[in-house]
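Have a look at the structure below, then the notes.
Bear in mind these aren't lab numbers, they're just calculated from the coordinates by the rules spelled out. Fair warning: this is a prediction, and the values are worked out from it, not measured in the lab. Cβ atoms come from the backbone with ideal geometry, glycine included; neighbour counts cover every protein chain shown.
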Amino acid sequence: MNARLVIRKANEEGMIINVGDVEIGGKKIVIIAGPCSVESEEQICEIARAVRRMGADMLRGGAFKPRTSPYSFQGLGEEGLRLLALAREETGLPVVTEVMDTKDVKLVSRYADVLQVGARNMQNFALLKALGKVNKPVLLKRGLWATIEEWLLAAEYIALGGNREIILCERGIRTFEKLTRNTFDVMAIPLVKTMSCLPIIADPSHATGRRDLVIPAAKAAIAAGADGIMVEVHVDPERALSDGAQSLSLTEFKPLMEELRKIAEAVGRCI
């Protein structure tokens, strides 16, 4: 594979990326939680307070939403970013949010602590190059049809621009299976760890598309060596403007945390 900067060298330790007081890639498994989309000040602040109280380390939420249908909710844009920053100010949780276009990189950088590249943009090379010049961590999701090699080469584009602070995110790949939204490639997690020095987290919400499968998939990811979990949580999933079927309610998030603590302890880590 023609990647030089993100490939693990002999005896090289895995990278630890600091986001405020949060370390990604260390002994502690990082929990990133929040809604698919920011819908209102009340919604995002209520979720942020609740997940913080139950042990989450970071807040996720979409301000710009790439949707398959042009008629679906596309996010609040800069207003959504402002509300994420407001929730961070209230709770202290660092913010992870997606940037979709090169023209929005500076805008999103003003508000976010971690800039996310979504699965549909994994090979948006202009965006990857632009993020290589940003002095903030980038969370790079695996593309829907991407091989592991293609995924790591996408990370190489960012690193080549000078930004080595890259967090990989396994979020499932599209296969012939129709009972889940995607097929969760859990073995990609330990495989990537043998190949790359970058930390890797898992997104069981997008990997499964079903809230009843989120906890089992998250447990499998931690058992396989994931450095973190990113999960969608909503105050009222049935009324969510996007991805309600895969979002946990606040009452479902508590048992998730309890189960993940057991698995983390079993593999010599903590939450």
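Details
- Residue list for the range 229-247, restricted to those being aliphatic (A, V, I, L, M) and surrounded by fewer than 24 Cβ atoms within 10 Å (Cβ to Cβ): Val235, Ala240, Leu241, Ala245
- For the range 9-65, a tally of residues being of a type in the set (S, T, N, Q) and closer than 21 Å to Lys136 by Cβ returns 1.
- Any chance Ser242 is among the hydroxyl-bearing types (Ser, Thr, Tyr), part of a helix (DSSP H, G or I) and touching a Ser or Thr at 6+ places or on another chain (Cβ under 9 Å): no
- Within the range 45-93, if we keep just the residues that are within 20 Å of Arg239 (Cα to Cα) and hydroxyl-bearing (Ser, Thr, Tyr), the residue that is surrounded by the most Cβ atoms within 10 Å (Cβ to Cβ) turns out to be Ser72.
- Boolean, Thr194 is assigned to a helix (DSSP H, G or I) and over 23 Å from Ile271 (Cβ atoms): yes
- Pairs with Cβ under 7 Å, 6+ apart, first in the range 73-84 and farther than 11 Å from Val95 by Cβ and free of Cβ contacts under 8 Å to residues at least 12 places away in the same chain, second crowded, with 18+ Cβ neighbours inside 10 Å and not β-branched (Val, Ile, Thr): Gln74/Lys65
- The set of residues from the range 23-44 being buried (at least 19 other Cβ atoms within 10 Å of the Cβ) and closer than 14 Å to Gly228 by Cβ comprises Ile24, Gly25, Ile29, Val30, Ile31, Ile32, Ala33, Gly34.
- Residue among Glu232, Glu177, Glu149, Glu156 that is outside any loop (DSSP other than H, G, I, E, B), farther than 22 Å from Arg60 by Cα, touching a strand residue (DSSP E or B) at 6+ places or on another chain (Cβ under 9 Å) and not aromatic (Phe, Trp, Tyr): Glu156
- Only one entry of Leu127, Leu139, Leu168, Leu131 meets the criterion of being surrounded by 15 or more Cβ atoms within 10 Å (Cβ to Cβ), in contact with a Cys (Cβ under 9 Å, 6 or more places away or on another chain), under 24 Å from Ser37 (Cα atoms) and not polar (S, T, N, Q), and that entry is Leu139.
- Selection count where residues are of a type in the set (A, V, I, L, M), farther than 15 Å from Lys133 by Cβ and in contact with a helix residue (DSSP H, G or I) (Cβ under 8 Å, 6 or more places away or on another chain), scope the range 89-106: 3
- Unmet criterion (only one of (1) touching a helix residue (DSSP H, G or I) at 6+ places or on another chain (Cβ under 9 Å); (2) under 27 Å from Leu248 (Cβ atoms)) for Pro137: (1)
- Condition met for Leu260 (closer than 24 Å to Ile200 by Cβ, in contact (Cβ under 8 Å) with a residue 60 or more places away in the chain and surrounded by 16 or more Cβ atoms within 10 Å (Cβ to Cβ)): yes
- Considering the range 196-229, the residues that are polar (S, T, N, Q) and over 14 Å from Ile32 (Cα atoms) include one that is farthest from the chain's Cα centre (by Cα), namely Ser196.
- Glu150 being surrounded by fewer than 24 Cβ atoms within 10 Å (Cβ to Cβ) and touching a Pro at 6+ places or on another chain (Cβ under 8 Å): no
- The number of residues in the range 118-168 being free of Cβ contacts under 8 Å to residues at least 40 places away in the same chain and charged (D, E, K, R) comes to 4.
- With respect to the conditions (1) under 13 Å from the mean Cα position of the chain (by Cα); (2) among the hydrophobic types (A, V, I, L, M, F, W, C); (3) in a loop (DSSP other than H, G, I, E, B), Leu76 falls short on a single one, namely (1).
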